[in-house]
Amino acid sequence: MKMRHMLAAVVLLPVLATGCTAHARHEARATPSASPSVSLSPPACATGAIRWGAAHRRWRLVGLSPVKRLNADAGRTTFRYAPVRTVVARVEARDARVSGRRVMALLARHLGLENGELMPPGASTEDHRLRAERTRIHGAGRFLTAEAVLTLDAGFTLTCAARKVRGSVTTWQQSFAQDAFRCGTDPGTDAWAREAYERGCGPLGS
């Protein structure tokens, strides 16, 4: 019984943006003192063009329930996840002026995703994974459930104040994947599913 959710990606072109400056005209006659002029130029790194490297996706196990021994008439059973690992969304760059939220928004656009579909910098799977799940189990045996997220890692180069700044993104898409496994049954080929099985049931084939 598998409940997998996969999200497709479409590659779009990166966005280029330019800024402008304003020039003030000075009058010859005396005028009252004015407040300091305000530059209309955008902040450094806020509008620079961005180029993306390869984006790597993979499902990663983040939560696992203890194994339960159930009878054939167990019906719906509650499984509670325990943490396996934590994934934290982050943007790392060699210039502190780079906006992590802007980079994340541009990555979502580049991949054809909705705004907000990628988790923002600082978001953690720890806020989501410790949930209980009621699952209908058919048959008797030893069962466990697991939860995974589709992580995304990508590199980029951003034009920032007339120079190139390299950086990287780690995040995940909002959807989680859940699956239930029966010990003694092949969990399939997905790496996260096999990891969940071996953590809960023991080595495959044993």
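The values are calculated or read from the model by the stated rules, or taken from the named source; none is laboratory data. All values reported here derive from a predicted model rather than from experimental measurement. With ideal geometry, Cβ positions are generated from the backbone for all residues, glycine too; neighbour counts draw on all protein chains shown. The accessibility values were calculated without ligands, DNA or RNA, using every heavy atom of the protein model including side chains. Shrake-Rupley method; radii C 1.70, N 1.55, O 1.52, S 1.80 Å.
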Restricting to region 67-87, count the residues that are modelled with pLDDT of 90 or more and either out of contact with any strand residue (DSSP E or B) (no Cβ under 7 Å at 6 or more places or on another chain) or surrounded by 15 or more Cβ atoms within 10 Å (Cβ to Cβ) (or both). 4
Looking at region 83-116, which of the residues that are in contact (Cβ under 8 Å) with a residue 60 or more places away in the chain and among the charged types (D, E, K, R) is nearest to VAL62 (Cα to Cα)? ARG90
Picked from region 141-178 (must be out of contact with any strand residue (DSSP E or B) (no Cβ under 6 Å at 6 or more places or on another chain) and either of a type in the set (A, V, I, L, M, F, W, C) or modelled with pLDDT of 95 or more (or both)), the residue nearest to GLU117 (Cα to Cα) is CYS160
In region 186-201, anything crowded, with 16+ Cβ neighbours inside 10 Å and not charged (D, E, K, R) is listed as PRO187, TRP192, ALA193, ALA196, TYR197, GLY200, CYS201
Of the listed residues (GLU114, GLU147, GLU126), the one being open to solvent by less than 60 Å² (accessible area, probe 1.4 Å) and acidic (Asp, Glu) is GLU147
